[in-house]
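See below for the structure under consideration.
The values are calculated or read from the model by the stated rules, or taken from the named source; none is laboratory data. Quick caveat: nothing in here was measured; it's all calculated off a predicted structure. Here the Cβ positions follow ideal geometry from the backbone for every residue, glycine too, while neighbour counts run over all protein chains shown.
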Amino acid sequence: MHKKAHLCVYLRIMNIEDTLTQHIKNALQTLFGLQDATITLQSTLKDFEGSHTLLLFPYLKPLQKKPEEIGQAIGDYLVGKAGVVGKYNVVKGFLNLSLTQEAWFASFEAMRQNPTFGNLPARPQKVMVEFSSPNTNKPLHLGHLRNIFLGWSLSQILEACGYEVIKANLINDRGIHICKSMLAYQKAGKPETPASSGIKGDHLVGKYYVAFDKALKQELAPMMREVLENQRLDIFTEAEKITLQNALKKIEDLKKPFAQAFAEITLVEFENLAPEILEKAKETLQTQKGFKALSKDLEKGELAKKIKNLASLEAKTEEEIGNIKEIVQAKTVLMQEAQKMLQDWEAGKAEVIELWKEMNGWVFEGFKQSYDKIGVRFDKIYYESNTYQLGKDIAQEGLEKGIFGKEPNGAVSIDLTAEGLDKKVVQRGDGTSVYITQDMGTADLKFQDFGIDKSVYVVGNEQDYHFKVLFSIMKKLGRSYGEGMYHLSYGMVELPHGKMKSREGTVVDADDLVTEMERIAEEKTKELGKMENLPAEELAKLYETIALGALKYFLLKVEPKKTMLFNPEESVNFHGDAAPFVQYNYARIQSILRKAEQDQVQYGQASYANYKTMHASEADLIAILLTLPAKVQEAGEQYAPSVIAQYSYEVAKGYSRFFADCSIFKADTAEARSFRVALSAQTGYTLKFVLRLLGIKTPERM
RNA sequence: GGUCCCGUAGCUCAGCUGGAUAGAGCAACAGAUUUCUAAUCUGUCGGUCAUUGGUUCGAAUCCAAUCGGGAUCACCA
């Protein structure tokens, strides 16, 4: 009872912003009779004295007074009344407030007393976060890692925000992609297994996927030549012929403007350029390919314009060739065999199912190892082989409700043009599912399974449109969770030379990357030579903690929707704005706490009750620590782990500065020493808290 | 072509519910350790916030147009 009342007092003082806001409201009303004025508080810029700044601009007009006048009046009121504000200064339209030492101590104490500081009150809502959702034909790569880390971190953040969170993974274990791997495996004719080959299951299956692709290319090349050069179309249906002829005509039509534009270019024009660009240009001119890449290297000007024009013509031609390829590819023996296998799978043909189960089993085992390694697990795993037929009843339901309509051939569709979207088919004319059919069904399944209020999808931004449509449909159908659907859309991770392309072997494999990061972590640790006394087992754990931390932080600190660049040579830093720096500060704090224990330094409130002269970096650090709940809330509301990542760096930097400015065990007074240990402990709590939200571990020493 | 996203320092990124002199890290340069972890701290250098116009007391931030980059526009997934 007593304890509870005690806590309430603290909680009231704790939120300085709320307290200040309330006092300022009172001031405005008492002094000027202003009701319900908007109050904008922001943190004070470095160069000015104070910690909180009130913007006075909004009051200038209604009060018809100068900002200095208003600022002084409010400032005087606050200093007189509140006991929170010690002094103030007014600069132009800004009222800078300095808090009293008592206010800092009181808020610090409140924070310390709250063992779950940073967690928001529980709310009776369930949210499912679906992430990872891999295909089972190849191993995880860097792009998947961005997805997985985002999903995991968001789950932790939402839990801290008080939601009950279900982490779900929807594995795409069926379809043409896995049939390709299966077919290649079958054809290879030797009974290779992960055990026999020593290759991790997902990598082994990926190997056969690549093999299929290679064989397909070989088969396709002469066929494409037949079509493109000899225009022989006898193997195609009439409808296909028409499409192909159209495409061929377009390509033909593009040739003349291309040749014309090409003729206008002379090598002389390139001669002023850097030698490496000249080299590139020569090659491009010779092969008449790669104009797009070349145009990126050029400065603005006449020449760049010409090259750009060529690049655009080249792209159009390539697009047409792509269209042709799609049709021709379907005629290859390999693709037809793969399609046949898919049909057999759907028909439940025993030997196909058996092989499918075996190979998927290998992949799942491989994925499990990867997930374990990066510290990720799921509460629920869905398999698309179980869900891909779902959603047909919803198509029916939509028809009955008049939300969907029928096409002449029986396809079910929805017209979303009123919302700026298009018409979308949700079920084929033959009654079978399309992609969105199963997503509708799965959305309902998730609700049936867990009674969720919100549903988050961590999926790449190439599916932005798809989710707009899906969410719109589920809302129209009146689903209770419809308003709570959110697409956490993230951008691609690009490499210095451009996109990752599995076919060109420029994919950064997730397992390889983690291993490489651990190697670097080991190298850096050894360079520093501080950890030589640690047993090998603990060292290995430390390397893993640092390596994964660096990688996760690197991928999480950037706003999700932005395309980001990954440069293997230099991207994942261990210094500055990076996880190892944050972890390092945590480790330092643990070292301090160990020493405090050893020296039997008390650091309860009583031990520093008489400490009065706080250093500026101590107050700054408290101010940073106090914003934890606000940061958690912001990150949750915006679905933005980047907010937490940036905050973790802010905390670490604040501590690092404090550490440099204030000696702890050699402090002038015992009070100062105790307080600084307490401040370190609270910082340690905060660092651990936020790093956990990012899925990053904290080392006890490093 | 329609729609959506992005464009901030040499590089990678913050800031974008409008507020002071646009911030960090990396890189470069100059300092700091008889001291609790230097994977650190302090400082210097570095910017027409893509461009133009508009709204406003005030715009990197909101609106419009333009230019660049990307994505997407299937009865594919």
query = Within the stretch A:585-603, is there a residue that is within 13 Å of RNA strand B (Cβ to nearest atom), within 26 Å of the chain's Cα centre (by Cα) and farther than 17 Å from A:Ala681 by Cα?
reply = no
For A:Lys446: the one exception among (1) in contact with a strand residue (DSSP E or B) (Cβ under 8 Å, 6 or more places away or on another chain); (2) within 15 Å of RNA strand B (Cβ to nearest atom) = (2)
inquiry  = I need a count of the residues in the stretch A:627-646 that are among the hydroxyl-bearing types (Ser, Thr, Tyr) and outside any helix (DSSP H, G or I).
reply    = 2
request  = Return the pairs, sorted by first residue and then second, in which the second residue is in a helix (DSSP H, G or I) and of a type in the set (S, T, N, Q), the first residue lies in the stretch A:667-679 and is more than 21 Å from A:Ala623 (Cβ to Cβ), the beta carbons are less than 9 Å apart, and the residues are 6+ apart or on different chains.
outcome  = A:Ala670/A:Ser607; A:Arg673/A:Ser607
ask   = Would the stretch A:423-439 turn up any residue that is away from RNA strand B (no atom under 11 Å from the Cβ) and either surrounded by 13 or more Cβ atoms within 10 Å (Cβ to Cβ) or modelled with pLDDT under 95 (or both)?
value = no
request  = Output the residue which, of all residues in the stretch A:464-520 that are in a strand (DSSP E or B) and within 14 Å of RNA strand B (Cβ to nearest atom), is farthest from A:Phe554 (Cα to Cα).
outcome  = A:His487
The stretch A:336-376, subset small (Gly, Ala, Ser) and in a helix (DSSP H, G or I), residue nearest to A:Leu694 (Cα to Cα) = A:Ser370
Subset tally (residues that are in a helix (DSSP H, G or I), of a type outside the set (Gly, Ala, Ser) and over 20 Å from the mean Cα position of the chain (by Cα)) for the stretch A:443-463 = 7
remark   = Scanning the stretch A:25-53 residue by residue, those under 19 Å from A:Asn89 (Cβ atoms) and assigned to a loop (DSSP other than H, G, I, E, B) turn out to be A:Ile39, A:Thr40, A:Thr44, A:Leu45, A:Lys46, A:Asp47, A:Phe48, A:Glu49, A:Gly50, A:Ser51
query = Looking at the stretch A:79-101, which of its residues are more than 24 Å from A:Ser617 (Cα to Cα) and not in a loop (DSSP other than H, G, I, E, B)?
reply = A:Gly80, A:Lys81
key: Total residues in the stretch A:652-675, condition over 25 Å from A:His575 (Cα atoms) and in a helix (DSSP H, G or I)   = 6
message = For the structure I just gave you, tell me whether A:Glu538 is out of contact with any Pro (no Cβ under 9 Å at 6 or more places or on another chain) and more than 10 Å from RNA strand B (Cβ to nearest atom).
response = yes
ask   = So which residues in the stretch A:629-655 are farther than 19 Å from A:Tyr685 by Cα and of a type in the set (Phe, Trp, Tyr)?
value = A:Tyr639
query = Looking at this structure, is A:Ala540 more than 22 Å from A:Ser656 (Cα to Cα) and either without any contact (Cβ under 8 Å) to a residue 40 or more places away in the chain or of a type in the set (Val, Ile, Thr) (or both)?
reply = yes
query = For residues in the stretch A:452-463 being away from RNA strand B (no atom under 11 Å from the Cβ) and among the hydrophobic types (A, V, I, L, M, F, W, C), which is surrounded by the most Cβ atoms within 10 Å (Cβ to Cβ)?
reply = A:Val458
query = Taking A:Phe108, is it among the aromatic types (Phe, Trp, Tyr), more than 25 Å from A:Asp449 (Cβ to Cβ) and part of a loop (DSSP other than H, G, I, E, B)?
reply = no
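Can you pull out every residue in the stretch A:550-566 that is within 7 Å of RNA strand B (Cβ to nearest atom) and in contact with a strand residue (DSSP E or B) (Cβ under 8 Å, 6 or more places away or on another chain)?
A:Val558, A:Lys561, A:Thr563, A:Met564, A:Leu565
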request  = Mind counting the residues in the stretch A:31-64 that are within 7 Å of RNA strand B (Cβ to nearest atom) and of a type in the set (Asp, Glu)?
outcome  = 1
request  = Search the stretch A:688-702 for residues being surrounded by fewer than 20 Cβ atoms within 10 Å (Cβ to Cβ) and assigned to a helix (DSSP H, G or I), and hand back the single one that is farthest from RNA strand B (Cβ to nearest atom).
outcome  = A:Arg692
remark   = In the set A:Tyr649, A:Tyr685, the lone residue that is part of a helix (DSSP H, G or I) and either free of Cβ contacts under 8 Å to residues at least 24 places away in the same chain or within 9 Å of RNA strand B (Cβ to nearest atom) (or both) is A:Tyr649
Inter-residue pairs, beta-carbon under 6 Å, first touching a residue at least 60 places away in the same chain (Cβ under 8 Å) and near RNA strand B (Cβ under 10 Å from one of its atoms) and in the stretch A:403-420, second not in a strand (DSSP E or B) and not hydrophobic (A, V, I, L, M, F, W, C), 6+ apart = none
message = Here's a check for you: in the stretch A:545-600, which residue that is among the charged types (D, E, K, R) and outside any helix (DSSP H, G or I) is farthest from A:His141 (Cα to Cα)?
response = A:Asp599
task = Could you tell me whether the stretch A:239-255 includes any residue that is surrounded by 14 or more Cβ atoms within 10 Å (Cβ to Cβ) and polar (S, T, N, Q)?
result = yes
request  = Out of the residues in the stretch A:55-84 that are within 17 Å of A:Gln29 (Cβ to Cβ) and within 42 Å of the chain's Cα centre (by Cα), state the one that is surrounded by the fewest Cβ atoms within 10 Å (Cβ to Cβ).
outcome  = A:Pro58
ask   = Of the numbered conditions (1) in a strand (DSSP E or B); (2) within 15 Å of RNA strand B (Cβ to nearest atom), A:Ile74 satisfies every one except a single condition; which is it?
value = (1)
